[in-house]
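One structure follows; several queries about it will come next.
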Amino acid sequence: MAAHLSYGRVNLNILREAARKELREFLDKCAGSKAIVWDEYLTGPFGLIAQYSLLKEHEVEKMFTLKGSKLPPADVKNIIFFVRPRLELMDIIAENVFSEDKSHASRDFHILFVPRRSMLCEQRLKEQGVLGSFINIDEYILDLIPYDGDLLSMEYESAFRECYLENDQTSLYHTAKGLMTLQALYGTIPQIYGKGECARHVANMMLRMKREFAGSQNQILPVFDTLLLLDRNVDLLTPLATQLTYEGLIDEIYGITNGYVKLPPEKFAQKKQGEASKDLPTEPKKLQLNSAEELYAEIRDKNFNAVGAALSKKAKIISAAFEERHNAKTVGEIKQFVSQLPHMQAARSSLANHTSIAELIKDITTSEAFFDNLTVEQEFMTGVDTDKVNTYIEDCIAQKDPLIKILRLVCMQSVCNNGLKQKVLDYYKREILQTYGYEHILTLNNLEKAGLLKLQTSSRNNYPTIRKTLKLWMEDANEQNPNDISYVYSGYAPLSIRLTQVLARPGWRSIEEVLKMLPGPHFEERQQLPAGLHKKRQQGENRTTLVFFLGGVTYAEIAALRFLSQMEDSGMEYIIATTKLINGTTWIKSLMDRPESQAP
């Protein structure tokens with residue numbers, strides 16, 4: 001049971017249960033024993049919806065990863081392919097089906113497309129001569145996956161690339177569909193605000209879908225008061241910066257995938273007294289990270305500089321709790337202590353894990369390389385020397401630092417300077433291509449197309465105006481007891497979250513001028529509610545806003561929104577949804593051509 005999904009203002013377990021119900025129904029269509037062949041990318045997201053135990057209840061006996069040639073032997077009646085609608089996967093499926101037919105097993109084949117069926121894919125299967133082998137061809141609409149009590153993600157990795165490089169709006173259609181599913185479960189959202197081209201498209205599609213289903217009005221009292229749709233390209237700066245919250249740094253350094261992180265095992269080895277530690281584990285340590293773990297929920301959104309103090313405070317509380325056993329005299333008291341033991345032991349192991357992770361991160365954040373990189377980032381954000389070639393970037397290229405690090409910095413300089421002068425841009429390009437190889441000309445081209453790297457066309461740089469008007473840089477950000485969202489980047493307040501904050505109070509009218517400087521239209525729509533469903537707000541009751549990031553969101557932005565939800569006087573609670581959870585590295589990687597040929 002995913003209890004942590006139902007603690008928040010909005011019970012996201014309802015969404016998870018709806019997804020599980022649909023999965024059960026599909027599995028029951030295929031009577032008899034089953035083997036599932038997985039498109040590897042889907043296993044992570046599916047794990048958040050259904051564990052193996054649920055599949056087992058419905059006679060799933062074997063699970064394989066989809067790969068070429070022959071399927072592993074399995075004594076089952078049904079073989080079900082769970083795949084994304086990608087043409088290259090159809091060829092592998094065809095190969096699998098052919099090899100099965102030759103071995104004359106009387107098996108039933110089924111295919112489940114996630115999140116949508118595709119005519120092109122079915123056409124490809126037909127060309128390969130295997131379409132007739134499938135008894136069921138179906139779609140499993142997995143749009144928004146609950147990651148935590150206030151967080152939904154579509155885990156649509158190529159959404160930003162598709163929208164801004166390939167002009168493909170499939171992900172926007174899936175977003176609109178996902179929002180319709182959400183409204184079917186949680187009621188119509190009365191107010192929609194948005195900023196950006198993609199946001200406009202999604203809102204238009206939602207309104208059109210609503211008109212098409214005009215007859216089937218749902219009679220659910222709305223849970224959300226407002227939906228805010230934000231394009232990622234309205235704020236290209238935030239994901240490029242190094243996140244400085246605990247969760248953000250774990251993601252920057254080790255990468256969090258579908259709520260799990262893999263860490264170097266040597267920090268977590270249990271050393272027994274007097275034993276040589278020669279047989280250290282070699283498998284990475286895999287940990288699940290979400291608010292179900294009390295300590296993690298407490299520290300994940302803190303600035304990393306405040307994490308040490310929080311951990312030592314927790315350690316004192318836990319050791320004091322264990323000391324209580326000496327005071328337990330009567331049978332009742334001893335029984336009481338014993339009943340609390342499992343919880344205390346879990347807290348102790350959680351503390352040990354997070355102390356180890358914090359030590360791993362501290363080794364990196366206290367290094368000179370990290371400090372130098374951060375200093376340059378902060379200079380760019382405050383507008384220092386953004387218009388000339390940066391010597392630190394030159395040095396990094398000369399030392400052949402990882403290419404993605406270079407690209408993040410160059411793009412950041414370009415964004416903070418509203419483009420680079422021809423001379424500066426050409427110099428960077430030449431240095432990058434000569435050092436890392438000419439194949440990266442495609443990547444540079446993609447970054448230009450996406451607006452991350454561009455030529456300065458007008459002499460006017462709007463960034464300083466935007467920075468001052470929206471107070472994007474706060475000197476002396478308080479990292480220990482924050483009073484402003486800028487603590488998540490130790491001084492820089494994410495532009496996307498400032499827009500969200502201003503929308504709540506005093507409203508976007510107060511920043512019309514700045515909104516015009518940012519790309520894409522801004523708009524407001526209202527959706528009519530059926531009679532009798534207008535919310536009567538209690539005195540002091542908070543409003544709930546769903547903020548949807550089209551093209552990805554970082555953990556630091558999520559931390560900033562959680563901070564706004566917890567502020568005493570904000571009067572607003574935020575639920576976060578996105579096409580993908582990203583950081584600067586995964587984001588730039590998604591825009592690279594042939595990223596696998598270069599080491600991370």
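Kindly establish whether Asn445 is in a helix (DSSP H, G or I), open to solvent by 20 Å² or more (accessible area, probe 1.4 Å) and either within 28 Å of Asp251 (Cα to Cα) or among the charged types (D, E, K, R) (or both).
yes
With respect to Ser53, is the statement that it is open to solvent by less than 40 Å² (accessible area, probe 1.4 Å) and over 27 Å from Tyr173 (Cβ atoms) true?
no
May I pose another question? Checking the conditions here, which among Ile397, Ile361 is in a helix (DSSP H, G or I), hydrophobic (A, V, I, L, M, F, W, C), in contact with a helix residue (DSSP H, G or I) (Cβ under 8 Å, 6 or more places away or on another chain) and farther than 30 Å from Tyr7 by Cβ?
Being in a helix (DSSP H, G or I), hydrophobic (A, V, I, L, M, F, W, C), in contact with a helix residue (DSSP H, G or I) (Cβ under 8 Å, 6 or more places away or on another chain) and farther than 30 Å from Tyr7 by Cβ holds for just one of Ile397, Ile361, which is Ile397.
List the number of the failed condition for Glu100; all other conditions in (1) modelled with pLDDT of 90 or more; (2) outside any strand (DSSP E or B) hold.
Every listed condition holds for Glu100 apart from (1).
Find the residue count for region 318-339, including only residues that are in a helix (DSSP H, G or I) and exposed (fewer than 13 other Cβ atoms within 10 Å of the Cβ).
Going through region 318-339 one residue at a time, the tally reaches 12.
Collect the residues in region 419-439 that are among the hydroxyl-bearing types (Ser, Thr, Tyr), over 15 Å from Asp385 (Cβ atoms) and open to solvent by 50 Å² or more (accessible area, probe 1.4 Å), keeping them in residue-number order.
Tyr438
Just to verify a result, which residue in region 448-464, among those that are out of contact with any helix residue (DSSP H, G or I) (no Cβ under 7 Å at 6 or more places or on another chain) and open to solvent by less than 90 Å² (accessible area, probe 1.4 Å), is farthest from Leu425 (Cα to Cα)?
Of everything passing the filter in region 448-464, Pro464 is farthest from Leu425 (Cα to Cα).
Give me a count of the residues in region 211-261 that are polar (S, T, N, Q) and without any contact (Cβ under 8 Å) to a residue 24 or more places away in the chain.
1
Pairs under 6 Å by beta carbon, first residue at positive phi and in contact (Cβ under 8 Å) with a residue 40 or more places away in the chain in region 135-159, partner surrounded by fewer than 24 Cβ atoms within 10 Å (Cβ to Cβ) and of a type in the set (Asp, Glu), six or more apart or different chains?
Note: no pairs meet the criteria.
Continuing with the same structure: Report, by residue number, each residue of region 211-251 that is open to solvent by 40 Å² or more (accessible area, probe 1.4 Å) and either under 30 Å from Leu374 (Cβ atoms) or among the hydroxyl-bearing types (Ser, Thr, Tyr) (or both).
Passing the criteria: only Ser216.
Follow-up question, since we're still on this one. Of the conditions (1) surrounded by 19 or more Cβ atoms within 10 Å (Cβ to Cβ); (2) at pLDDT 90 or above, Arg84 clears all except one; give me its number.
The number of the failed condition is (1).
Only one of (1) touching an Asp or Glu at 6+ places or on another chain (Cβ under 6 Å); (2) in contact (Cβ under 8 Å) with a residue 40 or more places away in the chain fails for Ala358. Which number is that?
(1)
Give the residue, chosen from Lys177, Lys126, that is open to solvent by 20 Å² or more (accessible area, probe 1.4 Å), without any contact (Cβ under 8 Å) to a residue 24 or more places away in the chain and on the phi < 0 side of the Ramachandran plot.
Just a single option satisfies the conditions, and that option is Lys126.
Results for (1) without any contact (Cβ under 8 Å) to a residue 24 or more places away in the chain; (2) more than 24 Å from the chain's Cα centre (by Cα), shown as yes or no for each residue.
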| residue | (1), (2) |
| --- | --- |
| Arg430 | yes, yes |
| Leu433 | yes, yes |
| Thr443 | no, no |
| Asp476 | yes, yes |
| Gln480 | no, yes |
| Ser496 | no, no |
| Gln501 | no, no |
| Pro506 | yes, yes |
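Output the residue which, of all residues in region 554-584 that are of a type in the set (S, T, N, Q) and over 14 Å from the mean Cα position of the chain (by Cα), is nearest to Asn478 (Cα to Cα).
Gln566
The values are calculated or read from the model by the stated rules, or taken from the named source; none is laboratory data. Note that the structure is predicted; figures quoted are calculated from it, not measured. All Cβ positions, glycine included, derive from the backbone under ideal geometry; neighbour counts span all protein chains shown. Side chains are part of the model used for accessible areas, which takes the heavy atoms of the whole protein and leaves out ligands, DNA and RNA. Shrake-Rupley method; radii C 1.70, N 1.55, O 1.52, S 1.80 Å.
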